[in-house]
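To keep things clear, I will list the structure first and then write my remarks on it.
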Amino acid sequence: MSTEPTVEFRAIAEDGASIRVLVQSGAPDSLIDYLPARGLLESGIDTETEPEITLDLELVSDIGKAYLESSLGHFAASHLQDDVAIHSALIRAGDQLVMLPAPSLSGKTSLCVAARQAGHEVLGDEYVLVNPSTGFISTWSRDMRIRTQGAWRKEAIDRQSGPLHVTLVAVLRFVEPGAPDGDPLSFRQLSPGELAVELISNCVSVQYRPEDSLAAAMAIARNTPGILGERGEAGPALSALLNLRL
């Protein structure tokens, strides 16, 4: 019984780091459909340079395809040359530009969905790119991934050119319904130092560029109010968040 041969791909990040992808079955002709909008280019195989990471997977299911796309995006974001990527959603509501840093699978997208349903702009649900010298940000062009009934669907973000200035950073943890008093949002304001720590903890490049990651976090924290708190359901929590006056 024959099996499909393993197909090997190589991609190069902005800082020269490389990632190798081994596809056991369901291999595409190239990685072009899985590469992020920025930071990663497909390359010929270079046997003289050891790759930073090797992915060994099958692309016969939506889960495998989503894993490849996510992994390539994370690698690209980790190895940017200039900007620093922070795990964060980004929402524009009128003159407010709210950054919501948090790790993957922590509820960023549910807030983005609530924002769009309320008529606000969603500029991203995965990464925010920060210029470490100025603190100005730009967006990461990737469609939202929305989980519904055990499946995934994509929804385009609102395109916005930079540089942009954040007006609020909200570090929120979801609490199951039934929390005391049913408060949609409970929080405390963060000092600039505390906010910088929260931002650094969500920097994807901190291992490779610790000084730039610190500089990016401090550039935002010096000039932007930040809160730390807990939220209930996304819609009421977002409304309460946007009504804050700090």
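Summary of computed values
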quantity: Residue that is surrounded by the most Cβ atoms within 10 Å (Cβ to Cβ) [pool: residues in the stretch 6-35 that are of a type in the set (S, T, N, Q) and closer than 26 Å to GLN81 by Cβ]; calculated: SER18
quantity: Tally of residues being among the β-branched types (Val, Ile, Thr) and in a strand (DSSP E or B) across the stretch 183-233; calculated: 1
quantity: Among the residues listed as ARG92, ARG38, the single one being under 23 Å from LEU123 (Cα atoms), open to solvent by 40 Å² or more (accessible area, probe 1.4 Å) and part of a loop (DSSP other than H, G, I, E, B); calculated: ARG38
quantity: Residues being open to solvent by less than 70 Å² (accessible area, probe 1.4 Å), modelled with pLDDT of 80 or more and part of a loop (DSSP other than H, G, I, E, B) - total across the stretch 41-54; calculated: 1
quantity: Selection within the stretch 114-146 - of a type in the set (A, V, I, L, M), surrounded by fewer than 19 Cβ atoms within 10 Å (Cβ to Cβ) and not in a loop (DSSP other than H, G, I, E, B); calculated: ILE146
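This table checks each residue for (1) modelled with pLDDT of 95 or more; (2) of a type in the set (Gly, Ala, Ser); (3) open to solvent by 60 Å² or more (accessible area, probe 1.4 Å).
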residue	(1), (2), (3)
GLN207	no, no, yes
PRO210	yes, no, yes
SER213	yes, yes, no
ILE220	yes, no, no
SER239	no, yes, yes
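The values are calculated or read from the model by the stated rules, or taken from the named source; none is laboratory data. Because the structure is a prediction, the values reported are computed rather than measured. Here the Cβ is made from the backbone with ideal geometry for all residues, glycine too, and neighbour counts use every protein chain on show. These accessible areas exclude ligands, DNA and RNA; they are computed on the full protein's heavy atoms, side chains included. Shrake-Rupley method; radii C 1.70, N 1.55, O 1.52, S 1.80 Å.
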